[in-house]
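A short write-up of the structure that comes next.
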Amino acid sequence: MHTTPEASAHRSEETITLPVEGMTCTACQARIQSALQREPGVNQADVNVMLANATVRFDPAQLTPGRLVEVIEATGYGASLPVENRSAIDEQSARDVAQQDEYRELRFKAVVTGILGVVAMLLSMPMMTGAAHGNGASPLVGWTLLALAVFVMSWTGRHFYQRAWIAFRHHSADMNTLVAVGTGAAFLYSVVATAMPGLFTSRGLAPDSYFEAVILIIAFILAGNTLEARAKRNTSTALRALAQLQPATARVMRDGAEIDLPIDAVTAGDEVLVRPGERIAVDGEVFWGESTADEAMLTGESLPVPKRAGDRVIGGTINGTGALRIRATTLGADSVLARIVQLMRDAQGSRAPIQRLADRISGIFVPVVISLAITTFVVWYLAADQAPAVRAFAASVAVLIIACPCAMGLAVPTAVMVATGRGAALGILIKGGEALQRSGDVDTVVLDKTGTVTEGAPAVTEIVLAPAGQFDEDELLVLAAALEAASQHPIAAAVVQSAKNRRLVVPPASQFQSITGQGITGIADGHAVLVGNAALLKQWSVDVAPLSIQATTLATQGRTTVYVAIDGALAGLLAIADPVRTSTPAAIARLRALGLDVVLLTGDQQATADAVARAVGIATVIAGVLPEGKVAEIERLQRAGKVVAMVGDGINDAPALARADIGIAMGGGTDVAVEAADIALMRADLGGVADAIELSRRTMRTMRQNLFWAFAYNVIGIPIAAGVLYPSTGLLLSPVIASAAMALSSVSVVTNSLRLKAG
């Protein structure tokens with residue numbers, strides 16, 4: 001059971017997510033949520049029609065999860081307890097199976113009902129053509145149509161009436177209410193006309209029946225539900241694709257032999273073998289072999305990433321041409337893949353603020369429509385000069401059918417689902433509908449420098465030899481690295497790594513001494529070595545004048561410089577810098593092209609920050625700012641009316657990420673759960689920021705289009721169904737056409753949302 005205990009001083013609380021079956025619109029969602037919240041012991045309930053689940057926070061001392069299932073079932077929908085210890089990936093597979101089963105059942109019922117509807121139409125044609133108003137039609141035809149209607153209403157359309165009745169018992173109404181009232185009224189009218197035609201003819205009315213309309217209305221609504229189920233299934237494409245990356249087995253060394261084990265049987269610390277071209281089975285660390293890994297499905301990175309001993313690999317990615325041996329680290333629900341799937345599912349279940357508008361309107365829509373249908377009936381009955389009862393009846397049924405607010409309920413959730421899926425395909429994890437909506441309003445992007453604009457890993461960029469020096473670049477670097485290997489300073493790591501990159505052998509150092517704020521001294525390979533600033537070398541009577549001009553020039557370019565003296569003579573100068581990411585200038589240009597103000601915010605010195613800003617095309621620089629100062633700068637921009645997105649590495653910048661309107665964390669491929677951020681980039685590329693903002697803007701446009709057409713459809717369709725155009729044009733809307741239009745409106749909303757998958 002997926003329950004999460006949350007102890008407090010006065011009571012304990014658990015959270016459980018229950019699968020729910022049978023929801024078709026936000027009215028269904030609202031009814032279940034209301035029933036759960038009325039139950040004593042329930043602290044909070046959130047029901048999601050798109051994810052088909054209910055997340056409930058409850059007091060276990062007052063009720064059990066089984067009771068929650070009973071509450072949901074009492075509202076007319078199916079529910080079950082979650083499977084214990086099921087991972088996010090297994091959960092997705094189960095959801096896929098359930099969605100497929102629902103789609104197949106709806107499709108079968110729609111096809112059968114459609115065929116019966118055609119048969120009913122053919123049988124009804126003599127009556128429709130006016131060949132007989134009860135005279136030319138065989139009573140057998142009427143009773144046959146009645147039998148067909150009973151069959152459809154009691155089998156393929158049964159759930160509409162069951163749920164409408166349950167809603168009535170709970171003093172509420174939803175889409176099922178509209179369908180049940182509309183078709184039920186048509187059915188009862190037709191039964192009376194068939195069984196007692198004299199009741200009509202004695203009053204000068206034709207005993208027309210609407211059995212074929214009842215069958216066709218149900219057929220169209222089922223067809224619409226089928227198309228919706230298929231479209232909703234397609235919105236989970238990205239989630240399904242991620243879940244399917246997980247291999248079923250792993251090749252593991254056990255007792256000196258290679259064996260294939262189910263993925264669930266692999267434990268942390270196991271030695272896992274990965275052959276060329278295979279999908280990597282689990283998260284782990286390479287301890288033997290060299291290869292590359294295609295991580296595009298997880299990070300969006302198009303180029304294979306080199307892997308060698310000491311590198312991390314992610315389960316589900318594809319190994320390149322080399323064999324690897326890895327040590328399994330994180331498994332199951334803690335793996336990167338499972339965490340991403342869970343994050344995406346949580347995001348898809350969240351609501352965008354714009355959803356509240358649709359929810360408010362949907363909540364009052366059904367009672368208003370029923371009132372309009374009654375008004376329509378009364379007006380037509382009083383005003384029609386011919387067959388007023390028949391016309392009043394047809395018009396009111398059309399109003400009931402065409403007014404179904406399904407499209408309104410689907411307008412926002414489908415766009416959120418598709419957009420978060422598209423974001424994942426681009427290597428962008430968007431933590432919910434609210435973050436998605438706010439991102440579209442951003443007008444200022446604030447960038448941290450280190451690890452965001454730059455690589456975040458200082459490196460030796462230049463080696464300048466002294467004019468009278470006796471050592472070449474490699475010799476100078478080796479001796480400097482020998483001393484730096486004993487230092488903990490970030491610059492030391494850059495020097496040592498530079499020597500490794502040149503495949504140089506670094507000797508051990510002796511008599512190492514660190515002089516705070518100046519540098520280090522020691523003996524390496526028989527030479528007395530000094531590495532540090534001018535003050536250090538001056539103490540040892542070493543003249544740095546031959547390289548002072550070069551040092552000044554490099555400093556203005558944003559480099560940190562250190563002098564190297566060997567055996568009492570100046571040997572050279574090392575310039576260290578945090579290189580700008582190659583993709584940064586293009587990403588900055590994209591952000592500016594989107595009309596955004598870009599600001600560089602850093603704790604580095606002004607000269608270094610200015611140099612980096614010039615290199616990447618940023619005009620506004622705020623330098624020398626501590627982490628708390630970054631928060632103040634964000635607040636200052638917000639007070640100036642800016643909507644601010646802060647982009648950082650998610651660690652030192654966490655306070656600023658949390659304070660900004662949108663926090664965007666740069667990831668290194670695995671750091672996807674940065675709690676302070678609203679959006680996490682799976683790869684270290686600022687282009688993801690532009691992608692996220694563009695996707696947000698497109699999504700908001702899609703949501704507004706969906707809501708506009710959903711509202712417009714009802715605003716236009718209901719008056720036409722009521723017959724307002726009849727006096728001037730003679731136009732009336734058949735209930736059958738109304739049901740087809742209602743189904744198509746929902747499908748059009750979902751289809752419009754699916755366009756977000758492209759581009």
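Give me the Debye-computed log₁₀ of I(q)/I(0) at q = 0.13, 0.15 Å⁻¹ for the stretch 373-484, equal point scatterers on Cα only, no solvent, two decimals.
Evaluating at q = 0.13, 0.15 Å⁻¹ gives log10 I(q)/I(0) of -0.80, -0.86.
If you take every residue apart from Ala257 with its C-beta less than 15 Å away from the C-beta of Ala257, what net charge results, scoring Lys and Arg +1 and Asp and Glu -1?
Overall, the nearby charge balance is -2.
Given a Förster radius of 30 Å and the C-beta distance between Ala712 and Glu105 as r, what FRET efficiency does 1/(1 + (r/R0)^6) yield to the nearest 0.05?
So, using R0 = 30 Å, E works out to roughly 0.40.
Tell me the label-point distance for the pair Gln44, Ala545, using the 7 Å Cα-to-Cβ offset, in nm and rounded to one decimal.
7.2
D for the stretch 448-550, whole µm²/s, Stokes-Einstein with Kirkwood Rh over alpha-carbon pairs at 25 °C and 0.890 mPa s: what number?
Estimated via Stokes-Einstein, D reaches 168 µm²/s.
Students often get this wrong: which residues of the stretch 31-64 have the backbone nitrogen under 17 Å from the point 7 angstrom along Cα-to-C-beta of His171?
Inside the label zone: 31-40.
Tell me, what is the Rg over Rh of the stretch 452-492, with Rh the Kirkwood radius over Cα pairs?
With Rg and the Kirkwood Rh in hand, the quotient comes to 1.06.
Could you calculate the FRET efficiency of Ser510 with Ala323 from 1/(1 + (r/R0)^6), where r is the beta carbon distance between them and R0 is 45 Å, rounded to 0.05?
Taking R0 as 45 Å, the efficiency between Ser510 and Ala323 is 0.65.
Can you give me the distance in nm between label points at Lys757 and Arg592, each placed 7 Å from the Cα along the Cα-to-Cβ direction?
The two pseudo-label positions are separated by 3.7 nm.
If you roll a 1.4 angstrom probe over the protein chains with everything in place, what fraction of the accessible area of the stretch 462-542 belongs to carbon and sulfur, to the nearest %?
Ligands and nucleic acids excluded, carbon and sulfur give 51 percent.
Can you give me the accessible area per residue for the stretch 466-548, using a 1.4 Å probe, in Å²?
55
At a Cα cut-off below 26 Å, give the lysines reachable from Lys642, other chains included and same-chain residues fewer than 8 away excluded.
By straight Cα distance, Lys642 reaches Lys431, Lys449, Lys630.
What is the distance, in nm, between label points placed 7 Å from the Cα along the Cα-to-Cβ direction at Gln244 and at Ser202?
Label-label distance for Gln244 and Ser202, simple model: 6.6 nm.
Charges at C-beta only: +1 for Lys and Arg, -1 for Asp and Glu. How large is the resulting dipole of the stretch 579-649 about its Cα centre, in Debye rounded to 20?
Roughly 280 debye, rounded to the nearest 20.
Gain in length, Asp264 to Gln606, computed as 0.36 nm per residue apart minus the alpha-carbon separation, to one decimal in nm?
Once the chain is fully extended between Asp264 and Gln606, it gains 117.8 nm.
Kindly provide the Kirkwood hydrodynamic radius of the stretch 528-586 in Å, to one decimal, from all pairs of distinct alpha carbon atoms.
Its Kirkwood hydrodynamic radius stands at 12.4 Å.
Could you work out, for the stretch 678-759, what percent of all Cα-Cα pairs fall into each 5 Å distance bin, beginning at 0 Å and stopping at the bin that holds the largest distance?
The distribution over the stretch 678-759 is 3, 12, 17, 15, 12, 10, 8, 7, 5, 4, 3, 2, 1, 0, given as percents.
Taking the Cα centre as origin and putting +1 on Lys and Arg beta-carbons and -1 on Asp and Glu beta-carbons, what dipole magnitude results for the stretch 523-670, to the nearest 20 debye?
500
Nearest 0.05, what FRET efficiency do Tyr381 and Leu122 give at R0 = 30 Å with Cβ-Cβ as r?
0.45
The values are calculated or read from the model by the stated rules, or taken from the named source; none is laboratory data. Since the structure is predicted, the reported quantities are computational estimates derived from the model, not experimental observations. Counting neighbours? That spans all protein chains shown, and the Cβs are built from the backbone with ideal geometry, glycine included. Just so you know, the surface numbers come from the protein's heavy atoms only, side chains and all, with ligands and any DNA or RNA stripped out. Shrake-Rupley method; radii C 1.70, N 1.55, O 1.52, S 1.80 Å.
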